[in-house]
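K.L.:
Have a look at this one before I ask anything.
The values are calculated or read from the model by the stated rules, or taken from the named source; none is laboratory data. Treat the numbers as computed from the prediction; the structure is a model and nothing was measured. Don't worry about glycine lacking a Cβ; one is built from the backbone with ideal geometry, like all the others, and counts go over all protein chains shown.
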Amino acid sequence: MASSSSPRTMRAVQYDRYGGGAEGLKVRTPVHGTNRLDVQTRTHLTDSPVHFQHVEVPIPSPKKGELLLRMEAASINRVDWKFQNGKARPFLPSKFPFTPVCELAGEVVELGAGVSGFSQGDKVIAVNFPGGGGLAEYAVVPASQAALRPPEVSAVEGACLPIAAFTALAALRAAGVGLDAGDGRPKNVLVTAASGGVGTFAVQLASLAGHHHVTATCGARNLDLIRSLGADEALDYDTPEGAALRGPSGPKHDAVVHCGEGFPWSAFKPALADAGGVVVDLTPRLASVAVAVLHWVLFSRKKLVPLIASAKEEDMEALLGMVSQGKLRVVIDSRYPLSRAHEGWAKSMSGHATGKVVVDMGVADDTE
Ligand SMILES: NC(=O)c1ccc[n+]([C@@H]2O[C@H](COP(=O)([O-])OP(=O)(O)OC[C@H]3O[C@@H](n4cnc5c(N)ncnc54)[C@H](OP(=O)(O)O)[C@@H]3O)[C@@H](O)[C@H]2O)c1
């Protein structure tokens, strides 16, 4: 439990309204214990005009079934800034000001009523979706969406697993790809946008089983990285074969983990195995859901399957185990202290991160 002498307010990065991108993020610092530098003085520390404000943000209290974490790291996902863009307006965020970021690692400092299996001092990884809260010194998470982090896995690595790595795992499962050696028949697997946060995990998880042929699309600068993660073929998305989603002599695909955005179904159909293939769409839109329903109704051999993944404790534990055994590598694009979270936000919004963008509370902060 946070002791009575602990500060009851905390630093947090928040936004107050829809839109605004990285510049809409505000660094809120408690009045006590900080230098009263004004906004203009602080903005020179960063490349964009982020606002530092002395606003008391209360440390949240864990409700029934929740854990209060002292944050160690949080990893930014596209969904975080899509909420800010108003993608789920008017439902999410449920209120302003909002503290974003749902993929977290931290130390348990307080347990809500009815929580078992965790103790104060435990290091955990967790998802708090869609509630967020990760860009702060403290955050509450549902205990049901948390898992113990072993010491061999760093907080930064751990913070990249519960959404990104789990989504890759869930997508491969949804596509019917066996994930253990000898599990199911060998498949030709395609991962699109393989250099991103989800794709870097999907390539590795598909390759780890050892019996699948893995093709991946990425930009030219990341071809070697993607091969090093286990892809049998890496296709530059700016070449004709990249656009066709298939090498000239490469196989047609049985399973596709589609991490890219904005491809119509017609782009996949010719690249799928004649006997049938599954495309798991990680960014379902109305049009793709309509296509998926049609495929389901018509018992199509070539199918689009929309997926929204939600991690379970045992899956997070399995992923942590793979990282701690050195089987699964966490590719980090960049790390930022809390006061520069807006730079990570901008990097994620650029669509050109290679691996994960992490806010690391252990990095020395400009505002200290
Ligand atoms: N359904 C769910 O539960 C769930 C959960 C997590 C994420 N998602 C979704 O999954 C998708 C992937 O997320 P992410 O975090 O991996 O994204 P990300 O990290 O932002 O992806 C960035 C990467 O995509 C590459 N890329 C962009 N356009 C490409 C193209 N046309 N072909 C090949 N590569 C391309 C970029 O390469 P360059 O820099 O070289 O251009 C960059 O390395 C997103 O749409 C996200 O919203 C869904």
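K.L.:
Using beta carbons and a limit of 6 Å, which pairs, at least six apart or on different chains, have the first residue in segment 198-225 and among the polar types (S, T, N, Q) and at pLDDT 95 or above and the second one more than 10 Å from the ligand (Cβ to nearest atom) and not in a loop (DSSP other than H, G, I, E, B)?
P.N.:
Listed by first residue and then by second, the contacts come to Ser207/Val214; Thr215/Leu190; Thr215/Glu233.
K.L.:
Report yes if some residue within segment 130-143 is buried (at least 21 other Cβ atoms within 10 Å of the Cβ), within 19 Å of Lys356 (Cα to Cα) and of a type in the set (A, V, I, L, M, F, W, C); otherwise report no.
P.N.:
Yes.
K.L.:
Restricting attention to strands (runs of 3 or more DSSP E) lying wholly within segment 201-295, give those where 1 or more residues are away from the ligand (no atom under 11 Å from the Cβ) and farther than 12 Å from Val191 by Cα.
P.N.:
In segment 201-295, 277-281 are the strands (runs of 3 or more DSSP E) which contain 1 or more residues that are away from the ligand (no atom under 11 Å from the Cβ) and farther than 12 Å from Val191 by Cα.
K.L.:
For segment 1-116, list the strands (runs of 3 or more DSSP E) that sit wholly inside it and hold at least 1 residues that are surrounded by 14 or more Cβ atoms within 10 Å (Cβ to Cβ) and at pLDDT below 90; which are they?
P.N.:
26-29, 51-54
K.L.:
While we're looking at this one, here's another question. In this structure, does Arg329 turn out to be assigned to a loop (DSSP other than H, G, I, E, B), within 14 Å of the ligand (Cβ to nearest atom), among the basic types (Lys, Arg) and touching a residue at least 24 places away in the same chain (Cβ under 8 Å)?
P.N.:
no
K.L.:
Something else now. Of the residues that sit in segment 119-129 and are touching a residue at least 40 places away in the same chain (Cβ under 8 Å) and crowded, with 16+ Cβ neighbours inside 10 Å, which one is nearest to Ile308 (Cα to Cα)?
P.N.:
Among residues in segment 119-129 that are touching a residue at least 40 places away in the same chain (Cβ under 8 Å) and crowded, with 16+ Cβ neighbours inside 10 Å, the one nearest to Ile308 (Cα to Cα) is Phe129.
K.L.:
State all residues of segment 347-362 that are surrounded by 16 or more Cβ atoms within 10 Å (Cβ to Cβ) and either away from the ligand (no atom under 12 Å from the Cβ) or not in a helix (DSSP H, G or I) (or both); if no residue qualifies, say none.
P.N.:
Ala353, Thr354, Gly355, Lys356, Val357, Val358, Val359, Asp360, Met361
K.L.:
Shifting gears a bit: Looking only at segment 162-191, how many residues end up being within 12 Å of the ligand (Cβ to nearest atom) and assigned to a helix (DSSP H, G or I)?
P.N.:
Adding up the residues that qualify gives 11.
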